[in-house]
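These notes are about the structure you will find just below.
The numbers here are math on the coordinates, done by the rules we state, and not lab data. It should be emphasised that the depicted structure is a prediction, and the values quoted were computed from it without experimental measurement. Please note: Cβ atoms are built from the backbone with ideal geometry, for glycine as well, and neighbour counts cover all protein chains shown.
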Amino acid sequence: MNTAVTNTVVTGELLDRVRERLASGSADPDPARVVAAVRAEAGGVLGDTDLLRALRLLQTEMTGAGVLEPLLRDPRVADVLVTAPDAVWIDRGRGLEKTEVTFADEAAVRRLAQRLALSAGRRLDDAQPWVDGKLPGTEAALGASFGVRLHAVLAPIAHGGTCLSLRVLRPATQGLPALVSAGSIPIEVEPLLRDIIRSRLAFLVVGGTGAGKTTLLSALLAEVDSRERVVCVEDAAELAPPHPHVVRLVARTANVEGIGAVTVRDLVRQALRMRPDRIVVGEVRGAEVVDLLTALNTGHDGGAGTVHANSPREVPARLEALAALGGMDRSALHSQLAAAVQVVLHVHRRADGSRGLREIGVLERDRHGHVRIVPAWRCDTDATPARAALTGLLAERATPSAHPGAR
């Protein structure tokens, strides 16, 4: 009886009935109310052992990330992806791996997606079949300092069934030595990167999704002089460089009523009033590029940001599109970009799924005034026509006046 009760009683229908019963009351669903609801909806008397088993299954289904919780606890996991009840994938930095975790059916995946959306203060139903948000309280629940970004699309918009994506936002705290040890940065390039930071050259870290842009940016910020004040603006809190004076500003989306939003662009403007020595934008993905370039052209040397781009050559076109959102035309963008940024660092995922620095480029203007990225170092060739230009920039900045304290 015991096994049968556990297998047949704890069904999707039971969970729905228990949820409705608990929601109909005015008090919070404390353990006693949950036990009473389970007994009432099970239609019979359960033994203590079977009741505990049923409650564990209910807790898995109704709290946290459900059956995905153990995957999120794994410190190596960066992404958890659900594409079907029997198709749960993870990324541990070496490409996607299929797990043995499964859901009972499509309805179970949908219930989890909707519950997570609700906890993120978002709506997810047939009228609003997709959601993007951040799960609250994840740090305390999982016993670590990180958050989880949620994205979900319901069927039939997602043709194969509800699609759930969870990205683990662990603060990037590794330094350059750790990245060198991991093989992400060639040992001969480490001194060059330190010189770029020490000379206060403004730079952009570019690459595709999950290529390691934030990790490299955080490692470089750790090399900033301890006397400098670094103000970081992010869409999601990921940057956590081991530096004694970092101020972190994090954007906020609107609530369910559509109010209360605080954009990255808002925060970049606020950062200017906070006496920054360096302004950093964790990810430039919209009109905030206009404010960032303006800030870097107002005496704030050594600023930085990350941009989604598959190669350095695509950076100008990518920034043109983003600047257009902020009302800046092409010629103005190239003029501001040439004056504000000196270096581009390109990271990518290798064939084996690992991540690493691929290229260092210098911004130059052609005879038409348009910016182009010229390689100063590449991991796969010695053809680096801008190496002398980068050496010149570093030599030019290698003076006492380069430090903000001398201003």
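Per-residue packing, averaged as other Cβ atoms within 10 Å, sorts the ranges 292-305, 98-111 into the order 292-305, 98-111, beginning with the highest. Note on the range 270-407: Rg/Rh from Cα positions, Kirkwood definition for Rh, rounded to two decimals, is 0.97.
For the range 251-296, a/c is not less than 1.5, where a ≥ b ≥ c are the root eigenvalues of the C-alpha gyration tensor, and a/b tops b/c. That puts it in the prolate class.
Here the simple spin-label model places points 7 Å from the Cα toward Cβ, and for Arg39 and Ala236 these points are separated by 4.3 nm. An ellipsoid equivalent to the range 68-202, defined through the eigenvalues of its Cα gyration tensor, has semi-axes of 35, 17, 14 Å when rounded to whole angstrom and sorted largest first. Highest mean first, the peptides 183-190, 333-340 sorted by other C-beta atoms within 10 Å per residue fall in the order 333-340, 183-190.
For the range 311-370, the calculated P(r) over all alpha carbon pairs, in 5 Å bins from 0 to the bin holding the longest distance, is 4, 16, 24, 22, 15, 9, 7, 4, 0 percent. Summing charges over all other residues whose Cβ lies under 13 Å from the Cβ of Asp125, with Lys and Arg as +1 and Asp and Glu as -1, gives +4. Each 5 Å bin from zero holds the following percent of Cα-Cα pairs in the range 220-329: 2, 12, 22, 22, 21, 13, 6, 2, 0. A cut-off under 10 angstrom between Cβ atoms defines the neighbours of Leu150, and their net charge, with Lys, Arg +1 and Asp, Glu -1, is +3.
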